[in-house]
Amino acid sequence: MTELRMRVREIEQTVVEWRRYLHAHPELSFQEHQTAEFVAGTLRQFGIEVTRPTPTSVVGIVRGKQAGRVLALRADMDALPIHELNEFEFKSNNPGVMHACGHDGHTAILLGAARLLTGLTEHWRGEIRFIFQHGEELHPGGAGELVRAGVLNGVDLVLGNHLWAPLETGQIGLVYGPAMASPDCFTVQIQGRGGHAAAPHETVDAIQIGAGLVTALHQIVSRQVDPLVPAVISVCEFHAGSAHNIIADTARLVGTVRTFDKQLREEMPIKMEKIIQGICTGFGATYEFDYEYGYDPVVNNEEATRLMEEVVVEQLGAQAVNHMNPVMGGEDFSAYQAAVPGCFFFTGAGNSDKGAAYPHHHPRFTIDEDALADGMQLFTAAALKFLA
Ligand code: NI
């Protein structure tokens, strides 16, 4: 066991308690008031200088004994509008709101790393900024706000971590280059002409047109996109109709588009609108098409990722390195990476024996708490290595 692992073990139980407290008190994006107070208060207990760049974010700043490089470590703190179905003691106390993505764990991990690194200032030089970010789950996201507020000014490297249920605890997922996709979203509002179900020829059926669109939009990926360039179009909402004998006047489709490729991302709304226009006008309907660009893709810097890979091997062993495929989910960590080199890595937190077997954003989602020690150790070790 490394010396660092022993230090991690000493505070592991405290970190688990922090995570459980946060899990029981989830707050939605941009409303993380109590969470931010808890984080700021805990950092102050360690003697860390605290700043509040936005109403619900916290940045802790620790300086080493000598000048040197500046490292930023980031955790997101927000929860989701989900009614928790877990039954453990520390389940959500806030009805309809749940830490269903592991951000409670991210916050606890970074608090743990802050505590460890504050006690190790003999062993590093420079400055560490502990960024506790609000609003990751809700576009336009907290990360962009924090970058604009200057939290990365002078920073040389940024590291972020996501507890990852699809990976077993002990596995650390690393991706060089594009790691998470751009999560764009779209709405199509179809305006047909309602009427009697027995006389469809006198109507413009918004449901039939919408159904055609669902099929045709999904075919863009299979027929108009290079099979070697990953892309997803998913129609996830379809609202229409009011009774069994009325042809629907309107229909509304809502969905998401995911890519890593800048050019394809720009072409997607154009390809989609061609299809929407063709089908709608062909059947006599009009439409409104709204396409909203979400976060940029998370693209991991080569050197930063190599640093993380070395850290994983040194701390947890070569068997812990999992060169995983990129993920089609999105993350506003990309906003930091647009400003400075960075790596976003995935800390395995899945363990079916402990009930940590549900996907992220599921009402029974939970993490294997053993993963908290891994995350804390990796952040701390990466800081010691980068600021040696
Ligand atoms: Ni998340």
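Kirkwood analysis of the Cα pair distances in region 22-84 returns a hydrodynamic radius of 13.2 Å. Of the residues Met272, Met308, Met98, the one that moves most in a GNM of the chain with alpha-carbon contacts below 10 Å is Met272. Zone of Glu122 (label point 7 Å along Cα→Cβ, backbone N under 19 Å): which residues in region 1-22? Inside the label zone: 2-11. Ordering Thr259, Thr215, Thr169 by accessible surface, largest first, gives Thr215, Thr169, Thr259; the 1.4 Å probe counts only protein heavy atoms, with every chain in place. When each of the peptides 372-382, 115-125 is scored by the mean number of other C-beta atoms lying within 10 Å of its residues, the order from highest to lowest reads 372-382, 115-125. Volume per residue for region 264-343 equals 117 cubic angstrom (convex hull of Cα atoms). Using the Cα gyration tensor of region 225-271, with a ≥ b ≥ c the square roots of its eigenvalues, what is the shape: rounded (a/c below 1.5), prolate (a/b larger than b/c) or oblate (neither)? Prolate is the answer for region 225-271, as a/c is 1.5 or above and a/b outweighs b/c.
The string of couplings for region 12-19 from the Karplus curve (6.51, -1.76, 1.60, θ = phi - 60°) is 4, 5, 4, 5, 4, 5, 4, 4 Hz, one whole number per residue in order, with x for Gly and Pro. Modelled spin-label separation between Glu49 and Asn153, with each label point placed 7 Å from Cα along the Cα-to-Cβ direction: 1.3 nm. Modelled this way, with points 7 Å down the Cα-to-C-beta line, the labels at Gln66 and Lys354 are 3.9 nm from one another. Inter-part distance, region 33-82 to region 289-367, computed on C-alpha centroids, equals 21 Å. Just so you know, the Rg over Rh for the chain is 1.05, from Cα atoms, with Rh as the Kirkwood radius. Under 17 Å of direct C-alpha separation, and excluding same-chain neighbours fewer than eight residues apart, Lys271 reaches these aspartates and glutamates: Asp184, Asp226, Asp261, Glu288, Asp290, Glu292.
When each of the peptides 140-152, 72-84, 220-232 is scored by the mean number of other C-beta atoms lying within 10 Å of its residues, the order from highest to lowest reads 72-84, 140-152, 220-232.
Projected label points at Phe289 and Ser242, each 7 Å from Cα along the beta carbon direction, are separated by 2.8 nanometres. Cα convex hull, region 1-155: 110 Å³ per residue, rounded to a whole number.
On the basis of the beta-carbon distance and an R0 of 41 Å, Glu266 and Glu17 show a calculated FRET efficiency of 0.30.
Close amide H contacts of Val175 (hydrogens built in the peptide plane, cut-off under 5 Å, sequence separation of 5 or more or a different chain): none are found. Beyond 19 Å, how much of the Cα-Cα pair distribution for region 182-292 remains, as a whole percent? Summing the P(r) tail past 19 Å for region 182-292 gives 44 percent.
Using only the C-alpha atoms, the convex hull of region 170-210 corresponds to 133 Å³ per residue.
On the basis of the beta-carbon distance and an R0 of 45 Å, Met6 and Arg252 show a calculated FRET efficiency of 0.20.
Where only DSSP H runs of four or more residues are counted, the chain gives -11500 deg cm²/dmol as its mean residue ellipticity at 222 nm, each run worth -39500 (n - 2.57).
The values are calculated or read from the model by the stated rules, or taken from the named source; none is laboratory data. Here the structure is a predicted model, which means the values were calculated and not measured. Neighbour counts are summed over all protein chains in view; Cβ atoms, including those assigned to glycine, are modelled from backbone coordinates with ideal geometry. With ligands, DNA and RNA removed, areas are computed over all heavy atoms of the protein, side chains included. Shrake-Rupley method; radii C 1.70, N 1.55, O 1.52, S 1.80 Å.
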